[in-house]
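Heads up, the thing below is written out as structure tokens.
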Amino acid sequence: RDLVDALEPPPSAPATPPGSGLSPVLVVPVADAADAAAADILVARLSTLGISAEVAPVSSLGGEVAAMVLRLKPPLVVLVGLPPLAEDRLRYLGKRLRGCVPAGRLLGLAWQPAGAGAAGATAAQGLSEAADQSLRDLAHALPRIGSLLNEAQQRQDLVAPEAASTVPVSLEPAKA
């Protein structure tokens, strides 16, 4: 059901909250076109919440993704893959990015339809070894991403309070 809901077109996307001061979330499809489609769905859903996100090219090598992370300094990096084909690449990218993504900011989404069973549990377990957190569906990923971005905003407020905004990330779709 989550995958079906995700395929529905989102309402018109609002702008990122003004003055948020955060770079876009970096969403990394890990293996193939299916992962890229899943990443696009995630980005579309995030935009309905007013969260800005950028998708890395699916053809990017681990070093290229690491360089992108270092250049963009995103508040959160989300690895997206559809098990079972993406399992090894999810683990590899998680371990490869560990050195350039600050602690607590690497999220793995081993996305699968409801009732995926043991294969999904195996993917999430392997990913949890490399990422700070791993999730298996969009319904749990969206609130967790919002929560992590609010934490990143609070950290930024502590560093530069005069330039920071106090606009929290909403987990409700924006109204047009």
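The values are calculated or read from the model by the stated rules, or taken from the named source; none is laboratory data. From a predicted model like this one, the values you see are computed outputs, not experimental measurements. All Cβ positions, even for glycine, are placed from backbone atoms using ideal geometry, and neighbour counts span all protein chains on display. The protein model used for the area step is the full one, side chains on, heavy atoms only, and it has no ligands, DNA or RNA in it. Shrake-Rupley method; radii C 1.70, N 1.55, O 1.52, S 1.80 Å.
Listed values, structure above:
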| item | result |
| --- | --- |
| The stretch 42-91 - percent of accessible surface contributed by carbon and sulfur, probe 1.4 Å | 61 percent |
| Radius 14 Å from Cβ of LYS73, net charge of other residues (Lys, Arg +1; Asp, Glu -1) | +2 |
| Distant-in-sequence amide H partners of LEU79 (H built 1.01 Å from N, under 5 Å) | VAL28, LEU107, GLY108, LEU109 |
